[in-house]
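Colleague: I have a structure here, written as C-alpha cells, and I will follow up with some questions on it.
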C-alpha cells in the first residue's frame, strides 16, 4: 500500500493526474475491502495517540454516530442553527457527519487504520480538480472527511474549492472547520486556513480584516510567500 501511494505521488508530481488518480482509487478500494470483512469497527486516525485519546472517551461510539448522537449536543445545536441560517450548507455538512461508519450501538472490537487511506481519497479529489472537475473534487474530498473527520487539510481544500467557485459562505465555513477539527493542530494547516479567509476577505472588499487574517497567518508561518504577496497586494489597493 505504501509503495502504491509513493508511486501515485510521483505521478502527481509529474502532472500525470489520470495515472495518479487511478492508483489512489485502488488504495481506497483496498480500504473498502477491509470494511467489508465486518469483523471489527475501523476508524482512520492521524496518529496512534489520536486512537488512544478516542479510546479514553467514556462513550467512544458517540464520536462516530452522526449528527444526532445524544453525547454530541454541540454538533446537533450547530446543525440546527445552520438550518435556519443556510439550509443548503447545513444539509451538505450534515451529510458528511452522517457518513461516519460506526453506529452508536456498536459493540464490536474497534481497530485503527492509518490516514494513508483517507489521504488517497483526498488525492482522488485533488486529481479531479486538476483535471477540471471541481464538482467531482468536492464530492471526493467530502468522502475523505467522512473517512477521517479530524484532518484539517481536507476542510482547507474544500474551502479552497468553494473559494474558486466564489461561494465565500461555504469557503469560509470550511476554512474555519479546518481550524476547529484538525487533531494535530499543525501550524501549516491553521496558517493555510487563515490565508484562505484573508483571501476571501480581499475578494469581498474587506481589506482591513483581510490584512489582520494574513498577519495572523504569518505568526504561524513567518516567511510564507503567499501571505506576504497578498499583504503587498492589499497595500497596493489601499494606495490607489
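Laboratory data are not the source of any read-out in this text; all were calculated from the coordinates shown. Since the model is a prediction, treat every value here as computed from it, not as a measurement.
Colleague: May I have the extent of the alpha carbons of region 1-56 along their three principal axes, as whole Å values ordered from largest to smallest?
Modeller: Largest to smallest, the principal-axis extents are 43, 25, 15 Å.
Colleague: Here's another thing I want to ask about it. When the convex hull of the Cα atoms of region 123-201 is projected onto a plane and the area is averaged over all directions, what value comes out in nm²? Mind showing how you got there, number by number?
Modeller: Working: hull surface 18.3 nm².
Projected area, direction-averaged: 4.6 nm².
Colleague: Determine the distance separating the Cα centre of region 8-31 from the Cα centre of region 138-182; give it in Å without decimals.
Modeller: Here the two parts' Cα centres lie 21 Å apart.
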